[in-house]
Amino acid sequence: MLQRSSPVHPRIALASLFVVLAVVMVATGVSAQAFRDYKDLKPSDIVQVETDLLGAYVRTILPQCGDRAAALEAVLYMVSERDMIALGMDRYFPLDQIEGITASDAVDDSLARGFFAISRAYAAAAGPASYADTTGALNLFHRRIEESPGVGGIPVPFSTFAAIRFGRDALAAARASGRNEAAADDAFLRYVGEITRRYMDARTTLRKRHQAEVRNEDWVLARLRCAECGAQDWDAGALFMKIKKGTSNYHHTRDLTCRKCGSVLTWDYLLPSYTIMNQLGTARLPGEPPDSTAPADSGPGTERQAE
Ligand SMILES: [Zn+2]
């Protein structure tokens, strides 16, 4: 865990970081990524400042995103930004530990929404795909994309960002061929649009959001490394539903046992949408469309009160 050694107040550090990054963003274009120093910040502060900045960036750039070059630059900028965020976060909250994974997923959720807005603005202005593949660059891009692991039925933040970065690399390969870039650029932006539309579609109702949150548990566990020995081989044990004492927050809780060294980690995974369902006594928010998916997972275990 991070040891806080400096007397700097987190709010001051947060405000300074925000100002520095905002200045970097508005100064002479947005091509250069700024390294993040998250010293003295909590994961929730990092998530707040980065999602605020990403949201501000998307709102600023969106009116220009009907233009192919502008939309492409915006997506590529955000991919690079996310890599800098991850690098900075990993120093203080390792991305193979619960806190870092949770914060990183929250940032990736904001990114997915930003990518969706940009690619939708592009597609609305560009209309149907209109670039003929006269030189083979588009074919090269599509061949690479076919090798992508994809995002599955319920895209989670981590896999959604990974798919977009995969697409960026496929585009770089197509561009490096020196052939018709416009067709490949257009295909990449539509690919980003399709991936993120699926991400958004999987979250249109409270019940779907809950299912997506449950789906993401597997993806947290897949990244989690034993802090004692470094192994990524867990016996997940029995799953319980838990309400934290003094709150109405529902969690899935498990005792994870490292198969290599035997150390045990109690993992509490917050279920925000399930918590809302229980607070409101409904699985559907007012105005939400009915969905025909399976009933929400009420957890295979019994509810238990914790500490
Ligand atoms: Zn271990």
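Structure above, values below:
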| item | result |
| --- | --- |
| Set of lysines with alpha-carbon distance to K260 below 28 Å, sequence-local pairs under 8 removed | K242 |
| Whole-angstrom gap from the stretch 181-209 to the stretch 54-85, using each part's C-alpha centre | 15 |
| Spin-label model distance (nm) - K260 vs E147, 7 Å beyond Cα toward Cβ | 2.9 |
| P(r) weight above 25 Å for the stretch 183-291, C-alpha pairs, percent | 43 |
| Computed Kirkwood radius, in angstrom, where 1/r is averaged over Cα pairs of the stretch 145-227 | 14.1 |
| log₁₀ of I(q)/I(0) at q = 0.21 Å⁻¹ - the stretch 49-95, Debye sum with one point per alpha carbon | -0.73 |
| Carbon and sulfur %, accessible surface of the stretch 149-254 computed with the full protein complex present, 1.4 Å | 49 |
| Segment L76-L95, extension gain: residue separation times 0.36 nm, minus the distance between their alpha carbons | 4.6 nm |
| Simple label model, 7 Å out from Cα along Cβ direction - S177 to D37, nm | 4.5 |
| Heavy-atom surface of the stretch 153-263, accessible at 1.4 Å and reported per residue (Å²) | 41 |
| For the stretch 94-253, alpha-carbon Rg relative to the globular expectation (2.2 N^0.38 Å, N residues) | 1.26 |
| FRET efficiency, R165 to I243 (Cβ-Cβ, R0 25 Å, nearest 0.05) | 0.10 |
| Bins of 10 Å, starting at 0 and running to the largest distance - Cα pair percent for the stretch 31-133 | 15, 43, 26, 12, 3, 0 |
| Mean shadow area of the stretch 190-241, taken as a quarter of the surface of its Cα convex hull (nm²) | 5.4 |
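The values are calculated or read from the model by the stated rules, or taken from the named source; none is laboratory data. Here the structure is a predicted model, which is why all the values come from computation and not from measurement. So basically every Cβ, Gly included, is an ideal-geometry build from the backbone, and we count neighbours across all protein chains shown. Protein only, heavy atoms only, side chains kept; ligands, DNA and RNA dropped before computing areas. Shrake-Rupley method; radii C 1.70, N 1.55, O 1.52, S 1.80 Å.
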